[in-house]
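Just so it is clear, none of the values below were taken in a lab; they were calculated from the coordinates. Treat the numbers as computed from the prediction; the structure is a model and nothing was measured. Note: ideal-geometry Cβ built from the backbone for every residue, glycine included; neighbour counts use all protein chains shown.
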Amino acid sequence: MTDGSLDVAWIHGEPGEPAIQVHRYDAGTVILRQSKRLNYEAPFMFLLFGADRALLLDTGATEDPATFPLRETVDGLVAEWLEQHPREGYELVVAHTHGHGDHVAGDVQFADRPHTTVVAREAEAVRDFFGFGADWPTGSVRFDLGGRELTLIGSPGHHAASVTVHDPETGFLLTGDTVLPGRLYAFDFPAFVATLDRLVAFTAEHRVTHVIGCHVEMSGKPGHDYPIGAQFQPDERAPQMTPAQLAAVRDAAAAVADRRGVHRFDDFVVYNEPRKRDMLRLMARGLANKALARLRPPAAAGR
């Protein structure tokens, strides 16, 4: 078990920031974030090293390596790790928290990389590769990186192929877009609530230090989310949440299960099978913010 640091100032859309921020949590765990200047989704990605292979979880929202050099960045990190742990034929598995475009766009950069497996985005491919079989989605499976055995938990609700990854080395519970400080889009709400029940039960029986999703959309003001499309978030929340906040998401989802629409809470916003008008309001707010941003100084856009 390791105790790394999440005391980090994440890039959040400042002019001139790098396309990818690299944070070494510990010697075998790297968290990457894509710049909001490049894509407003600014997803987080995770690179976990084991003795036999590394896992890259998600590949970001941009395909072009010239503007988003994810392969180059990962290759450098792998080379750096191998300098300290020399071995031949070290493998890389590229997988995803789920199959939405802002989490898989960079897959093409790894298509011809030696000793690399890219797991397809579809639910069937995820089930087959990790060996869920008939236990999907209620079961969990182990995935060994070599002395570092991860647990994968089926987590549909936001996306049919969503998985949550638990790393006992760090205590991270990596929840993708299922749980994060932002808008929780649940397109299959019964599946979403069942997923949350499983995750809360898991945290009761396993060491979980941080619950970390792939985006930040909440500001430091309780109940306030940045508009969709915002490319500058100077007062955003930290990405990590606690097991208690995970339980709060579960309780909130259960409380609004019979009410479709948008439900706002201090640390997140629940979109219960959003209707067309809910999404239109979301987009209209984003477009209004974009129009206002053109009238502001560059560093103020997205407030």
Sticking with the crude label model, points 7 Å out along Cα→Cβ, report the distance from ARG277 to THR117 in nm, one decimal please.
4.8
What does the extension gain come out to for ASP128 and ALA51, with contour length at 0.36 nm per residue minus their alpha carbon separation?
25.4 nm
DSSP-defined antiparallel bridges as percent of all bridges, region 41-113, nearest 5
45
Candidates LEU92, LEU82, LEU48, ranked by Gaussian network fluctuation over the chain, Cα under 10 Å, top entry:
LEU82
What FRET efficiency comes out for the pair ASP75/ARG207, r = Cβ-Cβ distance, R0 = 25 Å, nearest 0.05?
0.20
Would you look at the GNM of the chain, springs on alpha carbons closer than 10 Å, and say which of HIS215, HIS115, HIS23 moves the most?
HIS115
With the cut-off at 1.5 for a/c, could you classify the chain from its C-alpha gyration tensor as rounded, prolate or oblate?
oblate
Which percent, nearest 5, of DSSP beta bridges in the chain are antiparallel?
70
Order these peptides, 32-40, 14-22, by their mean beta-carbon neighbour count within 10 angstrom, highest first.
32-40, 14-22
Using DSSP H assignments, which helices in the chain have an axial alpha-carbon span of 15 Å or above and a mean Kyte-Doolittle hydropathy of 0.5 or higher?
189-205, 243-255
What value, in deg cm²/dmol to 500, does the helix sum -39500 (n - 2.57) over DSSP H runs of n ≥ 4 give at 222 nm once divided by the residues of the chain?
-8000 deg cm²/dmol
